[in-house]
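Have a look at the structure below, then the notes.
The values are calculated or read from the model by the stated rules, or taken from the named source; none is laboratory data. Note that the structure is predicted; figures quoted are calculated from it, not measured. As a convention, Cβ positions derive from the backbone with ideal geometry for all residues, glycine included, and neighbour counts pool all protein chains shown. Heavy atoms of the whole protein, side chains included, go into the accessibility calculation; ligands, DNA and RNA do not. Shrake-Rupley method; radii C 1.70, N 1.55, O 1.52, S 1.80 Å.
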Amino acid sequence: MAQHLDPACAVPAAVPNDGLDDRAAIQEALTTQGCAYLPAGTYDIDTPSFVPPARRIYAMLTATGARLYGDGPATVLRFRGDAGGQDWQGVRLDGVSPSLHDLSMNTADLTNTNEQTHAVRVVGPTADPTIYKVSFTHPQRGEPGGDCVQLVGYAPAQLITRARIHDNEFGKCDRSGVAIHSGTQDLEIADNRFHDTGDQDIDGEGTGDNSDWLIARNTISLGAAPQGAIAIQIQLTSNVRITENVLQGRGIFAYSCSACEIDHNLILRRAGTSGMGAVEIQKASSHVNVHHNVIERADSAGTGSVVRAYPHGTGTPDHVTISDNVLIQRATAGSVIETMGVVGLFVERNTVTHAGAADTSYGVLANGSAGTNPIRTDDLHVNSNTWSGPLKAVIAISGSYGGCGSLSATHNVAAAPGVLCQNATTGSMILGPLDVSGNTWLPSLCGTMIAPGN
């Protein structure tokens with residue numbers, strides 16, 4: 001018996017499993033009824049043929065404030081035909097409260113696609129769109145492709161607000177799993193499973209105007225042919241929380257993210273050879289809080305850090321907190337935490353293991369930034385951490401480039417030298433003050449700048 005039968009949403013003209021095109025019948029129901037319910041079976045959606053310079057429609061099905069749903073994975077929308085190398089969208093959601101749920105989408109039979117071939121596209125202005133319990137098969141084709149779900153809004157008149165994307169199976173996605181181009185506010189991406197994504201699984205990009213995102217309890221696996229080292233990218237966005245996710249292969253990239261919280265995640269970076277950290281914080285990212293995570297960088301990920309905060313162009317991160325985490329560095333070389341030109345760095349109460357080569361890496365490498373307007377690393381706090389493994393030193397600071405200002409390092413435990421001061425007689429100097437007390441570690445290597453015994 002059909003699970004969700006609602007007579008007002010029935011589409012009798014769409015007959016499953018007959019091999020005939022059901023596009024017109026489903027679209028008619030969405031337009032006139034405001035809903036389309038499809039019982040279990042396979043429904044074929046043909047891409048209309050055209051002769052250039054004529055241009056076919058981009059969206060195969062448009063749900064403007066409408067509801068398109070089925071009986072779960074057994075209800076299959078099978079898209080097929082020649083996309084003509086043009087923009088293509090399987091389902092477009094817009095208007096107020098459109099929803100897509102309880103069905104499968106399969107685009108494997110499309111040919112001649114381009115980089116804007118999206119299984120689902122949400123276009124602003126849209127309020128309260130929902131996508132849930134959808135199974136996606138939108139495979140990589142070896143040619144430019146698109147996303148399983150793409151959201152595109154523009155401030156102020158074309159925003160996407162209160163989008164909810166949850167409990168979906170992203171089986172195969174050509175480019176990104178969920179791509180948020182811009183203009184998206186109060187977004188939740190939760191309880192999804194990403195299995196095989198070509199590019200980022202969750203990709204925040206574009207021109208900004210993004211705020212108030214929650215990315216929670218997603219499971220992200222490493223696909224067969226991943227591009228790059230990033231599973232979750234956040235760009236030009238404020239007030240973001242990334243929590244309770246499991247990342248099994250790639251990391252997190254925060255680029256100009258303000259008030260960005262990354263907590264209670266399991267992050268295993270084991271793919272790629274990029275120097276980016278398992279958690280990478282770049283550009284003008286401010287007040288970023290990385291806490292209560294387990295973050296591990298495998299040797300297969302190549303040389304690099306577990307957490308890195310770095311400038312890019314004209315922007316530099318500031319006020320970065322890394323606290324109460326379990327940090328594991330298995331790469332042969334690469335400091336556990338690496339920063340450049342960060343003002344306000346708090347590394348506190350972490351349990352840190354360095355399992356790489358001996359005498360090559362630091363627990364915290366904090367340098368000033370370079371360039372025509374260098375920034376001095378300052379307001380640096382490294383307190384109450386436990387460090388294990390053959391570190392060259394727990395903390396390394398430098399007087400070169402922008403130099404280093406104040407450092408407070410207290411109550412750390414390590415079987416390695418405490419603080420290593422480098423290039424203290426050149427460049428911008430190490431200004432201090434240096435408060436290094438109450439630690440259990442080998443003597444620091446800063447000469448008279450550090451009190452004896454610390």
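Tell me, in nm to one decimal, what length is gained between His312 and Ser97 on full extension, where the rule is 0.36 nm per residue of separation less the Cα-Cα distance?
Details: separation 215, 0.36 × 215 = 77.40 nm, distance 3.87 nm.
In short, 73.5 nm is gained.
In nm, to one decimal, how far is the Gln227 label point from the Val51 one, both placed 7 Å along Cα→Cβ?
My value for the distance between the label points is 3.5 nm.
Explain nothing, just compute: Karplus ³J(HN,Hα) = 6.51 cos²θ - 1.76 cosθ + 1.60, θ = phi - 60°, for every residue of the stretch 319-336 in order, whole Hz, x for Gly and Pro.
6, 10, 10, 10, 9, 6, 9, 9, 10, 10, 10, 9, 5, 4, 9, x, 5, 5
Starting from 0.36 nm per residue, how many nanometres of slack lie between Ser437 and Ser388 once their C-alpha separation is accounted for?
On the way: separation 49, 0.36 × 49 = 17.64 nm, distance 1.90 nm.
That pair, Ser437 and Ser388, stretches by 15.7 nm at full extension.
How would the stretch 287-369 be classified by its alpha-carbon gyration tensor: rounded, prolate or oblate, with rounded meaning a/c under 1.5 and the a/b versus b/c comparison settling the rest?
Values: a/c = 1.98, a/b = 1.34, b/c = 1.48.
It is oblate, given that a/c is not under 1.5 and a/b is not larger than b/c.
Would you rank His181, His138 by solvent-accessible area, highest first, keeping every protein chain in place and using a 1.4 Å probe? Provide the component values of the computation, followed by the final result.
Numbers: His181 50, His138 0 Å².
Largest accessible area first, the residues go His181, His138.
Please express the shape of the stretch 207-251 as an equivalent ellipsoid: the semi-axes are the square roots of 5 times the eigenvalues of the C-alpha gyration tensor, given largest first in whole angstrom.
22, 14, 6
Would the stretch 100-159 count as rounded, prolate or oblate if I go by the C-alpha gyration tensor, calling it rounded below 1.5 in a/c and otherwise prolate when a/b exceeds b/c, oblate otherwise?
Since a/c reaches 1.5 but b/c is at least a/b, the shape of the stretch 100-159 is classed as oblate.
Name the long-range amide H neighbours of Thr42: under 5 Å, sequence gap of 5 or more, or other chain; modelled H, no Pro or chain starts.
Long-range HN contacts for Thr42: Asn17, Val76.
When all protein chains stay in place, what accessible area (Å², nearest 10, 1.4 Å probe) is found for Asp46?
Accessible area of Asp46: about 40 Å².
With a 4.7 Å Cβ cut-off, tell me which Cys residues in the chain come up empty for a partner.
If one checks each Cβ against the other cysteines of the chain, Cys404 turn up with nothing under 4.7 Å.
R0 = 41 Å: FRET efficiency of Val413 with Thr372, Cβ-based, nearest 0.05? Each step should come with its number before you reach the end.
Values: r = 40 Å, r/R0 = 0.99.
It comes to 0.50.
I'd like the carbon and sulfur percentage of the solvent accessible area for the chain, probe radius 1.4 Å, heavy atoms only, ligands and nucleic acids excluded.
Answer for the chain is 54 percent, counting heavy atoms of protein chains only.
Where in the stretch 88-122 is the amide nitrogen less than 13 Å from a point lying 7 Å along the Cα-to-Cβ axis of Asp82?
Only 111-113 fall inside the zone, counting backbone N under 13 Å.
Quick one: check the C-alpha center-to-center distance for the stretch 173-220 versus the stretch 289-355, whole angstrom.
So the two Cα centres are separated by 23 Å.
Assuming 0.36 nm per residue, please report the length gained on full extension of the stretch Tyr58 to Arg141 beyond their Cα-Cα distance. Don't jump to the answer; show the numbers that get you there.
Details: separation 83, 0.36 × 83 = 29.88 nm, distance 1.93 nm.
Fully extending the segment from Tyr58 to Arg141 adds 28.0 nm.
Which whole-number value in Å² is the accessible area per residue of the stretch 1-65, probe 1.4 Å? Spell out each step's value before the answer.
On the way: 3490 Å² over 65 residues.
Here the per-residue accessible area is 54 Å².
Can you give me the three principal axis dimensions of the stretch 327-454 from its C-alpha atoms, in Å, biggest first?
So the extents along the principal axes, rounded to whole Å, are 37, 31, 22.
Provide the net charge surrounding Ser406, with neighbours chosen by a C-beta distance below 13 Å and charges set as Lys +1, Arg +1, Asp -1, Glu -1. Mind showing how you got there, number by number?
Working: positive: Arg376; negative: Asp378, Asp379, Asp435.
Charge balance in the 13 Å sphere: -2.
Which entry in (1) 68, 47, 42; (2) 60, 57, 48; (3) 86, 39, 36 is this structure's computed Cα extents along the principal axes in Å?
(3)
Can you pull the one-decimal nm distance between simple spin-label points at Leu266 and Ala355, each 7 Å off the Cα toward Cβ?
Distance between label points: 1.5 nm.
Would you mind classifying the stretch 3-128 by shape? Square roots of the alpha carbon gyration tensor eigenvalues, ordered a ≥ b ≥ c; an a/c under 1.5 is rounded, otherwise it is prolate if a/b is larger than b/c and oblate if not. Mind showing how you got there, number by number?
Values: a/c = 1.80, a/b = 1.30, b/c = 1.39.
Since a/c reaches 1.5 but b/c is at least a/b, the shape of the stretch 3-128 is classed as oblate.
Determine the sum of side-chain charges near Gly272: Lys and Arg each +1, Asp and Glu each -1, restricted to other residues whose C-beta is under 11 angstrom from that of Gly272.
Working: positive: Arg250, Arg269, Arg270, Arg297; negative: none.
Around Gly272, the surrounding residues sum to +4.
How large is ³J(HN,Hα), in whole Hz, for each residue of the stretch 235-243 in order, when computed from phi with the Karplus curve 6.51 cos²θ - 1.76 cosθ + 1.60 and θ = phi - 60°, using x for Gly and Pro?
The phi angles translate into 9, 6, 9, 10, 6, 10, 10, 10, 9 Hz.
Using only protein heavy atoms and a 1.4 Å probe, report how much of Met276 is accessible, in Å² to the nearest 10.
Counting only protein heavy atoms, the figure is 40 Å².
Long-range amide H contacts for Asp379: which residues qualify at under 5 Å (H placed 1.01 Å from N, peptide plane, sequence gap of 5 or more or a different chain)?
It is Gly344, Gly405, Ser406, by chain and number.
How do Phe253, Phe346, Phe170 rank by accessible surface area computed with a 1.4 Å probe, from largest to smallest?
Numbers: Phe253 20, Phe346 55, Phe170 0 Å².
So the residues, ranked largest to smallest area, are Phe346, Phe253, Phe170.
Near the amide H of Trp441, under 5 Å away, which other amide H atoms are found, from residues 5 or more places off or on another chain, if H is placed in the peptide plane?
Ala414
How many nm is it between the label spots at Asn239 and Ala155, if each spot is 7 Å from the Cα in line with the beta carbon?
Taking the two extended label points, one gets 1.1 nm.
Can you tell me the FRET efficiency between Ala74 and His287 if r is taken as the Cβ-Cβ distance and R0 is 30 Å, rounded to the nearest 0.05?
Numbers: r = 47 Å, r/R0 = 1.55.
Result of the calculation: an efficiency of 0.05.
Which value, in Å², gives the accessible area per residue of the stretch 300-454 when a 1.4 Å probe is used on the protein heavy atoms?
Per-residue value: 38 Å².
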